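What follows is a set of notes on a single structure, which appears directly below.
Where a number appears in this text, it was derived from the coordinates with a stated rule and is not lab data. Owing to the predicted nature of the structure, the values given are computational and were not obtained by experimental measurement. So basically every Cβ, Gly included, is an ideal-geometry build from the backbone, and we count neighbours across all protein chains shown.
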Amino acid sequence: MTSSEKSSNWWIALIAVPLFMVAPMFVVVGLVLFSSAGSASACEAPAVTVDGKSLPGEVVGFKGEQLSNAVVLMSQAKSLNMSVGAQIIVVQAAIGESTLKNTQETDAAGTVNGEAITIGILQQDKSYGPREDRLNVAKAGKAFLTRLGKVPGWESMEPTMAIHAVQINQDPYHYTKFRAPAMQVVEALSNAKVSTGGGCSGVPGDLGKDDDYPWKNTVHNADNPVTHFAYRNCTDFAWWRLMQQLGTPQPPFAMDSLKLAPGHGGQWGAAWKRVGWEVSMTPKVGAVIWYAPNANGVGSYGHVAIVKAVNADGTVLEEGYNFGLPPTGEYYTRTIEASYPSGYLYLPTKDQLALVA
């Protein structure tokens, strides 16, 4: 059974605190797309169909036997008439336990007197049956999913907690960083966009390319009449990316922020929850990265940015504006741990958007 230590960018917080205490007006706010703890909800979609005959060469660092194993795990969820959420969870668990490899070995946490007690793709112990069953990917997957199905309310739990309820591992948050890679694997193997929220969150659209922010040459902190944020602030850039993804980046600019009135960056999470948009701790490409006031040294106004990419190791490539020392209104990217922000704000659906537009 594996466990992990979380790292945090403590040095960023250490450096940023004095700056934001001195000049809070220049704090950049980042936008995050949040689902209720990244949970599978009542709008959960059915399991997707997987064709294991033509596998992609590589998906976020996984290839060959690893992808074949993912196909087997996903197929077990479908055979049990479970949801796409279950497919993602079993792949997420397998990435966290064995990097999708059907290993006969384990780490120190799964060893007793030098003997590997937990083995296989899901690092299962003897309570799952004989050794040959635990080393059979299909049987191991079915056993995991059967136990998952017996966890009360697993569909509405944060995915890492649902996995922990089955695996009983040391760190219940160990599996968090494997959520995004698991979703990417499931999408690649099914040739379909998947969402654990079904109709509860939107699908990311055009994310543009690097610094394509249209007001990069304006006066920093001057009012933007289009978005009603300030030019070259974190909130303005994050809102622009949101408009791009929802297909409204041109006049009449249907995503005027006054409709939602999310406030400064630190208030965006509350604004999302107020209108029923999804908030989560699981990063998704295109989601808003949200930092609450004073979180990790961002200052009393918080910060927002965008998930540009989720890396194979579970870290997040963050892009935004107006971050740094001093916050001069420039574009930036940086890599963060998935657990570093206060949350991720997910894209609304068109129906959800219409209610506040």
Work out how much length residue 132 to residue 228 would gain on full extension: take 0.36 nm times their residue separation and subtract the Cα-Cα distance, in nm to one decimal.
28.3 nm
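Hey, how much of the P(r) for the range 117-176 falls beyond 13 Å, as a percent of Cα pairs? Show your work: numbers first, answer last.
Numbers: 1052 of 1770 pairs.
The calculated P(r) of the range 117-176 puts 59 percent of pairs beyond 13 Å.
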Where only alpha carbons of the range 236-357 are counted, the Rg and the Dmax (Å)
13.8, 40
In percent, what relative contact order does the range 211-357 have, based on Cα pairs under 8 Å that are 6 or more apart in sequence?
24
In which sequence would 303, 228 go, from the one with the fewest C-beta neighbours within 10 Å to the one with the most?
228, 303
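Residue 356 to residue 334: FRET efficiency via 1/(1 + (r/R0)^6), r the Cβ-Cβ distance, R0 25 Å, to the nearest 0.05?
Details: r = 31 Å, r/R0 = 1.23.
The value I calculate is 0.20.
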Work out the charge dipole of the range 65-199 with +1 on the Cβ of Lys and Arg and -1 on the Cβ of Asp and Glu about the Cα centre, then indicate which of 163, 190, 92 is farthest towards its positive end.
190
For the range 65-199 the mean separation of alpha carbon contacts under 8 Å (6+ apart) over residue count, i.e. relative contact order in percent, is 27
So, for the Cα atoms of the range 65-199, Rg and Dmax in Å stand at 13.8, 49
Can you give the extra length, in nm with one decimal, that the chain gains between residue 170 and residue 51 once fully stretched, where that is 0.36 nm per residue apart less the Cα-Cα distance?
39.4 nm
